[in-house]
Every structure is written in structure tokens, then in C-alpha cells.
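Below is one structure, written out as C-alpha cells; comments come after it.
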Amino acid sequence: MSSLISLTFDDGFRCQFDQALPILNLQAIPATFFLIADQHPTHEGRNNEWWKIDWREEDVGRLKKAVQEGHEIGSHSVTHDDTRMRRQPEFEARESKRLIENWMGTEISSFCYPYYGSCAYLSDAVRGAGYKQARTGARNSYYALSAPLNFNIDCRQVSRNDDVKDWIRPDCWHVLTFHGIGDSRSGWEPIPVDQFAAMAAELARYRDSGAVEIVTFEKGAERFGPLRQ
């Protein structure tokens, strides 16, 4: 059996839609974008250049088009603020789902824990909010397609030093995570646009050879049937 891979993008940085999305569409690679549900124009409302989706009308239209193109939209909490999440985990889980579903007009089934965390207080709230699967960690885990899968699913944080061939392992599902696409002003741990384009092209060649299948995070989790809590 071939390898199964999912590409995920955290924080809803605008560079992901300006730079990465056209490349993904060119290579016919589906991906999952985990978005923060607040309407601040920058990450955590800080005075920085990490511009993100702020849910203006044109953003919603762009995101709906991305879903039509085969991509998935997931939740990354309301505020991405650790203190607020500790104080009101149910709000961060439920309200982000409600807001994004209202804007998108479709079910949001995937959650991504901010800062790669999956503390019990937030994990319980995410399950209670009705999400079907959640993405956590950055420990480079591979999941055997023949084994049961937990609700909280690990990932690999992609770096500039990554080699695409290392992402592929037969009979396993591997979840990749990206943040900034571009220079340091684009977001955390940025991958240069030309390098991301080269990675996507190489991954597409593996797919075309039959070595790998590329699916959204939601579709990958569905391959395992009911997830263990």
C-alpha cells in the first residue's frame, strides 16, 4: 500500500492563501487550513507583520472557493491565546466552531491545538464541542494504516532542511504542518516560496508514481474509522 500524506497549515496567515494555495492548486494537492476565528488582522492581535485571515467578506468568499477546490477549513481556536484558553476552553472550542461554520456554511470537523498543545482541559472541550478529530504535537509521528488511531493526532513541523522523500513511508499516514510561506514577515518558521514550490512539485511526482496518496486531514482520519478517545 502507498503512503498517505496530509498537508496542514496553521494560523490562517495570508501568505498561505497568497503564496501556497496557488502552488497547491497547480499541483492538484489538497490541504487543510486551520484558522483562528477572531477578526484581528494580525496574529494574536499583535503589532506585527504576520497578517492573517480576519473574516472580511472577501476572505469568506476566498475560503469557500478553496473548499470547492478540494481543500479543508478547520478551527484553530477563537483567540490563539494560552491564558484565555486555560480560562475558557469550552468557549475557545465551541465558539470557534460556531463562528467558522456560520461564515463557511458547512460543518467544521477538525480542530488544531494552538502551540502544538493538547492539554486535557482543552482536549476535553474540543471533544465536547463535536469535532471529529484534532491535530496536535510536532514529533514527526507516522501512523500505521492498519492500527487504531487516537482522537489527538501528531504531526511533523516542516523545516527548510526537510527532504520530501523522508515524508514517505509505505502503509503509514504522515501529517505535515506549515506556518509561514515566504520571508520572516509572512509568519512563524517560514518556508521560502520557491522552496515550497519545489517541495510540492516533488511530492506531486511521488503521487503520480503511485508512491503516495495526498488527502486532507479530515479525509486521512476517516481512513481509520472511529477514533479512540
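The values are calculated or read from the model by the stated rules, or taken from the named source; none is laboratory data. Keep in mind that this is a model prediction, so the values were computed, not measured. As a convention, Cβ positions derive from the backbone with ideal geometry for all residues, glycine included, and neighbour counts pool all protein chains shown.
The rows are residues; the columns are (1) buried (at least 23 other Cβ atoms within 10 Å of the Cβ); (2) more than 18 Å from the chain's Cα centre (by Cα); (3) acidic (Asp, Glu).
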{"position": "59", "(1), (2), (3)": "no, no, yes"}
{"position": "73", "(1), (2), (3)": "yes, no, no"}
{"position": "95", "(1), (2), (3)": "no, yes, yes"}
{"position": "119", "(1), (2), (3)": "no, yes, no"}
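Within this structure, residue 42 fails the test of being of a type in the set (Ser, Thr, Tyr) and modelled with pLDDT of 95 or more. Those strands (runs of 3 or more DSSP E) of segment 142-229 in which 3 or more residues are buried (at least 19 other Cβ atoms within 10 Å of the Cβ) occupy 172-178. Residue check: residue 137 meets all listed conditions (1) over 23 Å from residue 21 (Cα atoms); (2) free of Cβ contacts under 8 Å to residues at least 24 places away in the same chain; (3) surrounded by fewer than 18 Cβ atoms within 10 Å (Cβ to Cβ) but one, namely (3).
In segment 29-48 there is at least one residue matching the filter, namely being out of contact with any strand residue (DSSP E or B) (no Cβ under 7 Å at 6 or more places or on another chain) and among the basic types (Lys, Arg).
Taking residues in segment 88-116 that are farther than 15 Å from residue 218 by Cα, and partners anywhere that are in a helix (DSSP H, G or I) and among the β-branched types (Val, Ile, Thr), the pairs with Cβ atoms closer than 6 Å and at least 6 places apart or on different chains are 93/126; 103/60.
Cβ-Cβ contacts under 6 Å between residues 6 or more apart (or on different chains), taken from a first residue in segment 16-35 that is in contact (Cβ under 8 Å) with a residue 40 or more places away in the chain and under 30 Å from residue 93 (Cβ atoms) to a second residue that is of a type in the set (A, V, I, L, M) and not in a helix (DSSP H, G or I), are listed as 16/181; 19/181; 20/181; 24/31; 29/214; 31/7; 33/73; 35/53. Counting only strands (runs of 3 or more DSSP E) that sit completely within segment 54-139, those holding 3 or more residues that are of a type outside the set (Phe, Trp, Tyr) correspond to 72-75, 133-135.
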